[in-house]
Every structure is written in structure tokens, then in C-alpha cells.
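A quick write-up on the structure given underneath.
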Amino acid sequence: MSNSSKNEFKQESPKSSILWSLGHSNVTIDEFIDLVRSQDIEVIADVRSIPFSRYTPQFNQEMLKQFLERAGIQYQFMGETLGGRPPEPEMYDSEGHVLYSELAHNFRFQTGIEQLCIRAENLRVAMMCSEESPEKCHRRLLVSRVLRNQGVETRHIRGDGSIQSDAQLIELFGPHMTENLFGGEPWRSIQPVLQS
């Protein structure tokens, strides 16, 4: 994507109707901060349930918070409300998939959505977890879907600096599994995540 396309994304809608999304993947902390700065992000909302990585320790919660704060970027942990691995056993099916249809209506999750949107009224906020691609990540499959239903657009910052809107991702990958009156697949995580 060209720089002019990136700038178009920066200037379109008011902050309150847009939230950003990105995954840290296995990049260096400097590369990650450059990516965050490329879209003038002011707050990283960490939506990982477990803010720890054995393979990329620079993204462990305390270390990441220090790096971001030194770079003038705020850090907010929101994994307890918006994480993709809720603590309640009833939020999982018998195969260990998270039941997004249940989690989306959970009071704690709804409170997290509200806090995220309030923060985004005055600042450029990006929710972050570990997956670079939003294709199979709960940022898109759960959080962005709930935000979209509330009239809030999510824009996904990719590792190469390009931007994909949620609408573009739906065009590419189709809507995620949805329950409907005629049956179909349940709205749940793609992979089982419950540890047995």
C-alpha cells in the first residue's frame, strides 16, 4: 500500500468511529514501535488473555509496557475483559472452542468494549495480540465483529505497514462462522484453546 493510501486512512473518520488492530508477531521491539508510530497510534490496548511470550520476550507485559512508555505510547492491559480465553468453563464447547456467541454477551466483555470505545473517543487506540494476521485472530473474529455491530470500524495494521479494513477482510475471507435460523456453524473460535 502506498504512503498516500496510508494517509487517507489517517484522515477519514473521527477517532471515535475507528479502532485499530495489530499483532506483534516475532518482530523486534523497534520494528513494532515503528509500525505503531506509522499510524500515529497513541494507546496500545493489549487484548491477550496471557500477556506473555516465551518466544518473543520483548512482548511480555512489563517489558512491552516499559518500551512503549519510553517511546511515548500508552499501554493498557485489557486481556481480562477482551481476551480470547475467558476463565469461565461455560464459555467453551465440548471440544475446547471458545463460544464467541456467549462471550460477546458477557458483562465483563461488554464492559471492555465500552472502555475501549471511550478511550478511542480522544486517542488513537490499537488493540494488540500476538497474531500478525487478523484472519484467524479473535481481534477480528470476535472483538471487531461486536464493534462493527455498534457502528465502530476496525482497521488492521499489517506487519508490512499496509492497512486492511474489516470490510476488506470479510471480502477476502468471508464472514466468520455464524449461527442463524437455518443452522450453520456456531460462532466460536476457529481453534480449540481450552487446556485439558
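The values are calculated or read from the model by the stated rules, or taken from the named source; none is laboratory data. For clarity, every value in this text was computed on a predicted model and none was experimentally measured. Neighbour counts are summed over all protein chains in view; Cβ atoms, including those assigned to glycine, are modelled from backbone coordinates with ideal geometry. Areas reflect the complete protein model, heavy atoms only, side chains present, ligands, DNA and RNA absent. Shrake-Rupley method; radii C 1.70, N 1.55, O 1.52, S 1.80 Å.
Figures for the structure shown
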read-out: Residue-averaged [θ]222 nm for the chain, counting only DSSP H segments that reach four residues, each worth -39500 (n - 2.57); value: -9000 deg cm²/dmol
read-out: Where region 20-76 is the region considered: accessible area per residue in Å², 1.4 Å probe; value: 49
read-out: The chain - percent relative contact order, Cα under 8 Å, separation 6 or more; value: 32
read-out: Heavy-atom accessible area ranking, 1.4 Å probe, most first, across F52, F173; value: F52, F173
read-out: Cα-based shape type of region 44-152, given that a ≥ b ≥ c are square roots of the gyration tensor eigenvalues and the cut on a/c is 1.5; value: oblate
read-out: Principal axis box of the chain, alpha-carbon based, largest edge first, Å; value: 45, 35, 28
read-out: Local net charge near S144, Cβ-Cβ under 10 Å (Lys/Arg +1, Asp/Glu -1); value: +3
read-out: Those GluC sites (Glu not before Pro) in region 67-165 that DSSP places in a loop and that have at most 15 other beta carbons within 10 Å; value: E95, E121
read-out: Heavy-atom surface of region 90-138, accessible at 1.4 Å and reported per residue (Å²); value: 47
read-out: Accessible area of the chain belonging to carbon and sulfur atoms, whole % at 1.4 Å probe; value: 49
